Amino acid sequence: MSKILIVGPSWVGDMVMAQTVFKALKLQNANACIEVLAPDWSRPILERMPEVSAAHAMPIGHGQFNISARYEIAKRLRKEAFDEAIVLPNSWKSALIPWLAKIPKRTGFLRELRFGLLNDFRILNKKRLPLMIERYHALAYPKNSNDLPRPPFPRLEIDLESRQAAVQKFSVENTLTQPILALCPGAEFGASKRWPEEHYAAVALAKQKEGWSVWIFGSKNDQPVAARIQAATKQQCVDFTGRTSLAEAIDLLSLATSVVTNDSGLMHIAAALQKPLVAVYGSTDPGFTPPLGEHSKIVRLSLACSPCFKRECPLGHHACMKTLQPETVIQTLDLIGTSCAS
């Protein structure tokens with residue numbers, strides 16, 4: 001049995017997309033034991049991926065070096081006798097632990113001068129592999145493999161008992177008889193990725209008039225945005241922002257009929273739950289990290305200044321988001337609903 005350690009990424013959406021590696025490894029060797037070294041917050045995501053046998057907590061924060069802590073982690077992992085490590089992040093630091101753990105085969109893209117740390121290094125061809133999921137997927141196959149199959153999309157599995165516990169905890173049983181629109185108006189990366197809350201409120205009002213329940217998801221940082229949506233809708237939404245754990249958010253999001261979201265981690269979770277969704281893009285590029293679902297639709301204006309990939313609009317007008325009207329999103333939502341029903 002091959003035992004493989006995956007060094008996982010540090011962002012929610014990237015961790016969801018990492019499942020394509022786990023799936024590809026299992027397709028090649030059903031008996032492969034796949035374990036993941038990743039921040040402990042990612043455990044609820046990994047627990048919903050049946051390909052993953054175990055998760056190892058990575059307590060060192062993004063950007064921190066802390067060589068002594070890395071050595072201690074490597075010493076523990078050395079006892080696990082891994083045959084191979086696949087390093088998904090591109091940083092030099094992320095390749096250090098598998099090297100210290102003396103894992104025989106260490107695979108990853110050759111970035112940040114990782115000679116030696118990686119002994120199965122790949123040269124990234126961005127034109128050949130434009131999508132992040134394609135880059136992850138390629139690392140699951142031998143070097144210089146040609147004609148790779150299409151990357152399998154992420155698919156999270158839900159435990160029904162866990163989901164029912166979340167429903168009862170937040171007392172939302174009475175809303176389950178209605179179609180549910182989930183709004184994900186936040187984006188941890190920065191304000192440039194956020195569609196204005198007044199536009200989200202307009203979508204919420206339109207669907208509430210049709211008899212839908214509207215749930216708002218996000219972290220504690222998204223509570224001010226959610227509060228403004230609530231004010232515009234006369235407190236008629238269910239606001240989960242800052243109230244749920246990540247596990248609860250995933251379970252509750254699996255109950256949604258449709259989702260409207262920014263380019264965010266929750267977008268990737270909703271897509272992996274196979275939810276019909278509309279993703280609003282402005283400052284980022286759907287040609288790199290699109291939502292990976294059969295019923296996912298992207299709306300964007302494709303202005304000359306976008307994508308800029310900045311945390312804040314460098315021109316100060318945020319036109320790529322502000323001028324994208326709610327009617328466009330509502331029409332796209334309706335189209336998705338029609339296609340899913342047929």
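Extension gain for the segment E173 to I123, taken as residue separation times 0.36 nm less the Cα-Cα distance, is 12.9 nm to one decimal.
Backbone phi angles across segment 254-266, fed through the Karplus curve with coefficients 6.51, -1.76 and 1.60 (θ = phi - 60°), yield HN-Hα couplings of 5, 8, 5, 7, 8, 9, 10, 8, 7, 6, 8, x, 5 Hz in residue order; Gly and Pro are listed as x. Working note: Karplus 6.51/-1.76/1.60 with θ = phi - 60° gives segment 44-57 the couplings x, 6, 5, 5, 9, 10, x, 6, 8, 7, 7, 10, 10, 5 Hz, where Gly and Pro are set to x. Contact order for the chain, expressed relative to its length and based on alpha carbon pairs under 8 Å spaced 6+ residues apart, stands at 15 percent. Taken one residue at a time, the phi angles of segment 228-239 give Karplus couplings (6.51, -1.76, 1.60, θ = phi - 60°) of 6, 5, 4, 4, 6, 9, 6, 6, 8, 9, 9, 9 Hz. Gly and Pro are set to x.
Within the same chain, lysines fewer than 8 places from K234 are excluded, and of the rest, those with a Cα less than 20 Å from its Cα are K207, K209. Residues whose amide H falls under 5 Å from that of S296, counting only those 5 or more places apart or on a different chain, are L277, with hydrogens built in the peptide plane. Close amide H contacts of L37 (hydrogens built in the peptide plane, cut-off under 5 Å, sequence separation of 5 or more or a different chain): I6, V7, G8, H56.
Taking max minus min of the alpha-carbon positions on each principal axis, the chain gives extents of 60, 48, 42 Å, largest first. For the pair segment 122-172 / segment 98-117, the C-alpha centres are spaced 22 Å from each other.
The separation of segment 72-87 from segment 210-264, counted between C-alpha centres, amounts to 39 Å. For the set K26/K297; K220/K322; K220/K310; K23/K127; K3/K275, the pairs lying more than 26 angstrom apart at their alpha carbons are K26/K297; K3/K275. Bridging of K93 to aspartates and glutamates at a Cα separation below 17 Å is possible for E72, E112, D120, once same-chain residues fewer than 8 apart are set aside. In this structure the amide hydrogen of R106, modeled in the peptide plane, comes within under 5 Å of the amide hydrogens of A85, N119, D120, none closer than 5 places in sequence on its chain. Gyration tensor analysis over the Cα atoms of segment 3-138 returns equivalent ellipsoid semi-axes of 20, 18, 15 Å (largest first, whole Å).
From its DSSP helices (H runs of at least four residues, each -39,500 (n - 2.57)), the chain gives a residue-normalised ellipticity at 222 nm of -9000 deg cm²/dmol.
Label sites at E157 and E198, each approximated as a point 7 angstrom past Cα along Cα to Cβ, lie 4.7 nm apart.
Bear in mind that the values in this text are calculations on the coordinates, not laboratory data. What you see is a predicted model, and the numbers here were worked out from it, not measured in a lab. When we count neighbours, we look across all protein chains shown, and the Cβ atoms used for this are built from the backbone with ideal geometry, even at glycine.
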